[in-house]
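I have placed the structure first, in the form of C-alpha cells, so that the comments after it can refer back to it.
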Amino acid sequence: MQKIYYEKEIDLSHKLKELTSLTVDESIDYKIEENGVRAVGSLIVKGEYVSDQNKLFVENIELDIYADEKKITDQRDFHLKVEDFEYEIVDGNLKITIEVGVYGVEDGKDRFVSLQSEPDPVAEIEELSRTLQEENSNEQMAEVPEETVPLPEEKPVPLPEEKSLSKKVYETKTKEPKDDGDEDTGVYYLYVIGPNDTYSSIAEHYHVDEKIIRSYNGNIDLVSGQVIIIPYVAPENH
C-alpha cells in the first residue's frame with residue numbers, strides 16, 4: 001500500500017468563524033487499460049460554517065490516477081480509500097489535508113500533493129519537478145507506485161473547537177452526480193511514466209498541447225516510473 005496526502009486551501013473569503021460540520025466523500029470509477037488500471041473521479045469536501053449566518057460550501061478535487069501493471073500486486077484489490085482527514089482554520093479560510101490509501105500496489109514512499117485555491121503553476125511545477133528529480137537520482141532502481149485518489153463515503157460529524165484538528169475514517173460510496181451549483185477546483189493530473197511514453201503520446205491521450213506539458217514539467221527527460229503533472233484543460237465546445 002502507498003499513501004498520498006492531498007492538501008487543499010479552501011477560500012471562504014476570510015469569513016469562517018466556526019466550522020460546524022465537515023464531510024469528505026468519494027466518487028471514483030476504475031478502468032482497466034492495456035498496461036494498467038486508471039482511477040478517475042473526485043474527492044468531494046462539504047461543510048457548514050458560521051459567518052454572519054450559517055453557510056454551506058462544496059469543494060471538488062478532481063482525480064485521474066494511472067497505476068502501471070508492474071506496480072500492481074493484486075489487480076482485484078486495487079482501490080483508493082480515504083483513511084483520514086485533518087483541518088485547520090487559517091485567517092478565516094479552511095485548510096484541509098486528506099490522507100488517501102492506495103491498495104493493491106507495491107509499498108512506496110508517502111506522497112504529498114498541495115492543491116492551492118488559486119494555483120501558481122510556476123511555483124508548483126518547480127517544487128514538484130525538484131522533488132521528482134531528487135527521487136529519481138536517489139531511487140533509479142526503484143519504481144514509484146501509482147498516484148491515485150479516491151474517497152470513501154463520510155457521514156457529517158459535528159466538529160470540535162475552532163482551533164482543533166479533526167480526523168475521520170470513511171467507507172467507500174457509489175458515485176454521486178454533481179449538482180450544477182457545485183464549485184470545481186483547479187485540476188492537475190499526476191501521471192506515472194510508462195516504458196514507451198513520450199510527451200507527444202501523453203499530450204495526445206490527455207488532449208493537452210505538448211508544449212504546455214513540457215512547460216509545466218520543466219521539459220525534463222521522461223524516465224519510466226517518474227511522476228509528472230498534466231494540467232487540466234477544459235475541452236472546447238463545438
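The values are calculated or read from the model by the stated rules, or taken from the named source; none is laboratory data. As the structure is a computational prediction, the values presented were derived from the model and not from experiment. Note that each Cβ is placed from the backbone with ideal geometry, even for glycine, and that neighbours are counted across all protein chains shown. Surface accessibility is based on the protein's heavy atoms, side chains included, excluding ligands, DNA and RNA. Shrake-Rupley method; radii C 1.70, N 1.55, O 1.52, S 1.80 Å.
Scan (1) within 20 Å of Arg38 (Cα to Cα); (2) at pLDDT below 90 for the single condition Lys167 breaks and write down its number.
(1)
Does Gly47 count as in a strand (DSSP E or B), touching a residue at least 40 places away in the same chain (Cβ under 8 Å), touching a Phe, Trp or Tyr at 6+ places or on another chain (Cβ under 6 Å) and not aliphatic (A, V, I, L, M)?
Yes, satisfied.
Which one of the conditions (1) open to solvent by 30 Å² or more (accessible area, probe 1.4 Å); (2) modelled with pLDDT of 85 or more; (3) of a type in the set (S, T, N, Q) does Thr131 fail to meet, given that it meets all the rest?
(2)
Please count how many residues of the range 186-215 are open to solvent by 50 Å² or more (accessible area, probe 1.4 Å) and farther than 14 Å from Gly36 by Cβ.
The qualifying residues number 10.
Can you tell me which residue is farthest from the chain's Cα centre (by Cα) among those in the range 44-56 that are at pLDDT 85 or above and open to solvent by less than 20 Å² (accessible area, probe 1.4 Å)?
The extreme case among them is Tyr49.
When you scan the range 16-23, do you find a residue that is farther than 22 Å from Phe112 by Cβ, open to solvent by 30 Å² or more (accessible area, probe 1.4 Å), part of a strand (DSSP E or B) and polar (S, T, N, Q), even just one?
Scanning the range 16-23, I find at least one residue that is farther than 22 Å from Phe112 by Cβ, open to solvent by 30 Å² or more (accessible area, probe 1.4 Å), part of a strand (DSSP E or B) and polar (S, T, N, Q), so the answer is yes.
Of all the residues that make up the range 89-106, how many are in a strand (DSSP E or B) and surrounded by fewer than 17 Cβ atoms within 10 Å (Cβ to Cβ)?
Count: 4.
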